[in-house]
Amino acid sequence: MSATAIEHVGAHAVQHGDLPFIRKYIFSTDHKVIGIQFLIMSLGFLLVGGLLALTMRWQIAWPGRAIPGGGILPETMAPGGIMLPEFYNSLVTMHGTFMIFFAIMPLLVGVFANYLIPLQIGAPDMAFPRLNMASFWTAVPAALLMIASFFVEGGAAAAGWTSYPPLSAVAEFSGVSTGQELWCLSLIILGFSSLMGAVNYITTVINMRAPGMTWFRLPLPVWALFITAILVLLAVPILTGALILLYFDQVLGTGFYLPERGGQPLLWQHLFWFFGHPEVYILILPPMGMVSEILANGARKPVFGYHAMVIAICAIAFLGWIVWGHHMFQSGMNPMLGSTFMVTTMIIAVPSAIKTFNWLATLWKGDIHFTVPVAHALAFVGMFVIGGLSGVFMASTPVDIYIHDTYFIVAHIHYVLFGGSLFAIFGAIAYWFPKMFGRMMNDRLGWIHFWLTFVFYNLTFFPMHQLGLGGMMRRLYDPTQYPHLEPLQPLNRFVTVNALLLGAAQLLFVANFLWSMFRGRKAVANPWRANSLEWSAPSPPPHGNFTVTPIVYRGPYEYSAPGAEEDYLPQDRPPAGQPAPAPELVPAQ
Amino acid sequence: MVRLHDSMALLVAGLLLTGCGGGGGGGEMAGGESAGAPAAAAIDPTTVGTIAGRIAFEGTPPAGSPIDMSEEPTCAEKHPNGASTEEVVVDQNGGLGNVFVYIKEGLGGGPYPPAEGSPVLDQDGCVYSPHVIGLRTGQSLTIRNSDGLLHNINAKPTTNRTFNISQPTTMETTRSFPLAEVMIPVACDVHGWMQAYIGVVDHPYFAISGADGTFRIENVPPGTYTVETWHERYGTQTVQVTVAAQETADMQVTYSEQMAANAVVPLGAPIDLHGHDTGKHAGTAHGGR
Amino acid sequence: MNWSLPENVSTFGAQIDSIYYLILGITAVIFFAVEALLIYFIIRYRHKEGRKAAYIQGSTRLEVLWTAIPLLILVLLAFQSRSVWVAVKDPARIPPDALELRVAAKQFEWNVTYPGPDGRLGTADDFTRRSQLRIPVDRPVRITLTAEDVIHSFFLPEFRVKQDAVPGMEIPVWFQATRTGEFVLGCAELCGLGHYRMRGTVTVQTAEEFDAWQREQSTQAGAAAAN
């Protein structure tokens, strides 16, 4: 394996300099370039998705008041800048769709899987570089279709990101026809992009690890991304199938989900959530892996319970297949199924708890250096705890009777997805930015962004628990139409104001990101004094990553090891007294 | 993989064209289609005639069902004596209102004097006003919400394109229908008793009978025509009418309750999820409960 | 931050609330303990000149401990919850002498069909009211829930009742009011542009008031139908 890898490296190092701009940066097969392409696309969707949410929040806080700048919107969406209910439903739908499918998922499965896997296992690139390129360029038309759906007659999809039929299948019910169809087509295409990526990641991790990189010497991000790729491989086809059936119901007159044509609405829910629950673990496992990495590095201490962490990742992934019914407790499915799913759902909280305790134990007796990545990783732990604990309420079927489809669920979602995944992503970007771009992100801007985000984020989403407990349902264009919700309006306005401030704070991140890419302080190869293999490569690494295939001698978390000179010990540093291996210039055969 | 992309691209291109074009259907936002029309030439009264008459109802009309508006106090207050469905509106002299009368056959095909103004379909007191409205093809219909609360206008034509739009507050929206269609049912889903009918014809020779059953169609070119009357419960009847210049052709039509049993009421289809076209619709669209 | 639930006016609502407060108590303890530990560790083990981190790989004992204890708590919680869930949702447990109603959800109304004075649904003296659910106090009510177009969700927050109404399905829901008054009926599943306004009123009356109202409504409906 290593011999082939070296030959690969040599060949590529020669060719790379001859590539035209379009092959180097647009249609590139280099996993690092592809990772950065996904990064630009996903960050764009993150910002637009946030803007959609802020527009929604405006309407909730001040129902019927013209949106500032809303005059540019067409009459069909917001006459005179005042939002129509059907447009609100589209905003709700597209906010969720953009964030889950085009922001968070590609940030993890497109950006960090792509960028980190070959580097952290000591490989020159992915197993299938051209498939990797196809994966990004398949995601692009999917993204364009989704954006285009705003501009067709009837507007964008408006049945929620969960798209339950019959509402999503029959245009007369939602008022949206083409937009709903484009939503299906876009996600079908995106699914293929994800599957291409998953195949690549799994193959690469199994087959292309550098010599000495045994399974239990893999950094936790790789474990997490590997297991996540398996989840993607198995779960996404279910969604694709469900979407195809929905699309047929929309355009061909079939009746998979429509009772008048012999179908069942609940079929969609089972299929969607059978994908949907593993999907949320796809969205949280890579952040967990990256947080472990950043915390161990920041505390100068091994990850506490590395093996337990790996087992927990596998347990979460495995158990994630048998909990989907907890999204359907009140759906009309047999209530006895509810009991079964409640038990499995309660159980799946355990591996997440294990991981939380292990993170705490990693910090215990550590030597914690507060950097921006560490701050974000700590915020992940603190916020993920809240998200996880709120999940216990909805896992209990009788309590779920009350809180299902209320803002309590919205609070939970955002504590795990924003408080969890997004904080981890911010931390991971700050941590690996030097490797990606050869420059450090601006520290002061990073800290200001972190604190503003942390404060406004909590002020935005924590009150949603109370809104939900007060009985506020989801997806309401105007809560004041319900007498029991009018007393909650001050809280809704409070949430909106903080959401607007939260949105404004993200501009700092954008500014930092863009400015640092070109004018940031130049980074050394290993600015964080970390152990994993990517830090042995230059910042940024050349095409082919390593001039010499690394040889791995130890695990990734040998921080503050007794007898070591420094408080870190890179994986590929030869043990004391052993000379570095000579670079092999010809294949060993 | 390449083949998949190509067909998806075709599908997508096709869908986008359908979505963006919107030309073949109705329910479009009314632009300024009257703006480009030539100025109306003054009609010479010596060359045209009139069709006038009365729709009568024989027997005792069925009473409208009372509408329960207690969940919508803003509207209930506008009906201090209560409100009833307007399926059959008969005055004390037996005149049947809300009958759509129009020339069905015999016209030369135009050119007709251009449509003027924008008729208003108002939602006032959670009731459509008027209950039956007539429109020229391409003419702008102003849908007005006078109640200041959520109404949605769910129009279900068969020839024109359907639409379902909301008006959450006091506001006006305009729509037009490019194709002739008698009649287009319009309903509000927030207030299930609300029902109206829009008749779209491509000429100006239509009228709706008033509360006393009388109607009048003016400026009709001389000729012999088939005139059809449409009622939402009792269906259609046709009459042959000859119009001479400067004369009024009289038309008397009578409906009775017995006609309800076998009435043929041409109507835009309700949502038919069985996926087959039933052609003529032998039922009426009842909105009231 | 107010963690309390609104006033409960149903019999099984009290059981649901007690599970909620139990979970609240448990999670609150865990929350404070974990966050306090996190903050403490951040402060106590922050980098200082000369500090060296301890090289600790893990502890199997601790892993077993903090696997077993959460597992135990959560599984107990599951079984505690289960009995309440069964009591509320199992159709076999619906009290036999319940007042039977039908609720048909449609965009954007709840059409409630009541039996007439004969006490049986499906007979000529039935009548239907729009978005008004009127029931007698202290008597179980059993609703057969249907939907005509899309999925809606029948939500009575003060009664702790929620059940999705699904086209093509007839789903039983039951509850019993513990006091008279006016309460909220809302839709808890996105059902189109009017979803935010698909509300109704629940009126709980004494048995006598309800019977009188039922007779009056049935007579009116009969008179209207006869025309």
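Since every read-out is calculated from the coordinates, none of them should be taken as a lab result. Computed from a prediction, not measured in an experiment: that's the story for all the values here. Glycine gets a Cβ as well: all are built from the backbone with ideal geometry, and neighbour counts include every protein chain shown.
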Under a point-charge model restricted to the Cβ atoms of Lys and Arg (+1) and Asp and Glu (-1), what is the dipole moment magnitude of the protein assembly as shown relative to its Cα centre, in debye to the nearest 20?
5160 debye
Among B:54-65, A:75-86, what's the highest-first ranking by average C-beta atoms within 10 angstrom per residue?
A:75-86, B:54-65
Using the crude model of +1 on Lys and Arg Cβ and -1 on Asp and Glu Cβ, and no other charge, please compute the dipole size for the range C:96-226 relative to its Cα centre, in debye to 20.
300 debye
When you take every Cα atom in the range A:238-322, what is the radius of gyration, and what is Dmax, the widest Cα pair distance, in Å?
19.7, 63
So what's the back-of-envelope 222 nm ellipticity for chain A, counting only DSSP H runs of four-plus at -39500 (n - 2.57) apiece and dividing by all residues, rounded to 500?
-20000 deg cm²/dmol
Answer in debye to the nearest 20: the dipole magnitude of chain A about its Cα centre, from +1 Lys/Arg and -1 Asp/Glu charges placed on Cβ, is 1080 debye
log10 of Debye I(q)/I(0), alpha-carbon scatterers only, for the range A:185-276 at 0.14, 0.20, 0.23 Å⁻¹:
-0.61, -0.91, -1.07
Considering every pair of different Cα atoms, what Kirkwood radius, in Å, is found for the range A:430-589?
20.2 Å
Computed over chain A: longest principal axis from alpha-carbon atoms vs helix A:31-61 long axis, angle to nearest 10 degrees, is 30 degrees
Over all Cα pairs of chain A, how is the pair count split among 10 Å bins, expressed in % and running from 0 up to the last occupied bin?
3, 17, 27, 27, 16, 7, 2, 0
Translational diffusion coefficient of the range C:13-91 at 10 °C, 1.306 mPa s, Stokes-Einstein with Kirkwood Rh over Cα pairs, in µm²/s as a whole number.
99 µm²/s
Taking just the alpha carbons, could you work out the radius of gyration and Dmax for the range C:96-226, both in angstroms?
14.1, 39
Stokes-Einstein D for the range A:5-153 (37 °C, 0.692 mPa s, Kirkwood Rh from Cα pairs), in µm²/s, comes to 186 µm²/s
Over the Cα atoms of chain C, what Rg and Dmax result, in angstrom?
25.2, 96
Per-residue average of Cβ from other chains inside 10 Å of C:12-19
3
For A:163-176, what's the mean count of beta carbons from other chains sitting within 10 Å of each residue's beta carbon?
6
Computed over the range C:161-224, Kirkwood Rh from alpha-carbon pairs, angstrom:
14.6 Å
Would you be so kind as to identify which of A:Pro575, A:Ile40, A:Leu225 lies farthest towards the positive end of the dipole of chain A, taking Lys and Arg as +1 and Asp and Glu as -1 on Cβ and the Cα centre as origin?
A:Pro575
In straight Cα distance, which lysines are under 19 Å from A:Lys32, not counting same-chain residues fewer than 8 positions off?
A:Lys24, A:Lys435, A:Lys522
Share antiparallel - DSSP beta bridges, the protein assembly as shown, percent rounded to 5
70 percent
Positive-pole candidate from A:Val303, A:His270, A:Leu182, dipole of the range A:152-311, charges at beta carbon
A:Val303
When the convex hull of the C-alpha atoms of the range B:45-260 is computed, what volume per residue in Å³ does it have?
123 Å³
Given H placed on each backbone N at 1.01 Å, which residues far from B:Gln195 in sequence or on other chains put an amide H within less than 5 Å of it?
B:Tyr128
Residues whose placed amide H lies under 5 Å from that of B:Tyr255, excluding near-sequence neighbours
B:Ala56, B:Phe57, B:Glu58
For the range B:138-146, in residue order, the Karplus 3J(HN,Hα) values (coefficients 6.51, -1.76, 1.60; θ = phi - 60°; whole Hz; Gly and Pro = x) are x, 7, 7, 9, 9, 9, 10, 9, 9
In nm, what is the difference between 0.36 nm times the number of residues separating A:Leu337 and A:Val524 and their Cα-Cα distance?
61.7 nm
Taking only the Cα atoms of the range B:115-182, how large is their convex hull per residue, in Å³?
78 Å³
Among A:Phe418, A:Gly69, C:Pro172, flag the residue with its Cα farthest along the positive direction of the charge dipole of the protein assembly as shown, charges on Cβ as +1 for Lys/Arg and -1 for Asp/Glu.
A:Phe418
Averaged over peptide C:82-92, how many Cβ atoms belonging to another chain are found within 10 Å of each residue's Cβ?
5
Equivalent ellipsoid semi-axes - Cα gyration tensor, the protein assembly as shown, angstrom
63, 36, 22
Considering only DSSP beta bridges whose two residues both sit in the range C:96-226, what percent are antiparallel, to the nearest 5?
70 percent
With Cα atoms, 0 to 90° folded angle of helix A:335-363 axis to chain A main axis
40 degrees
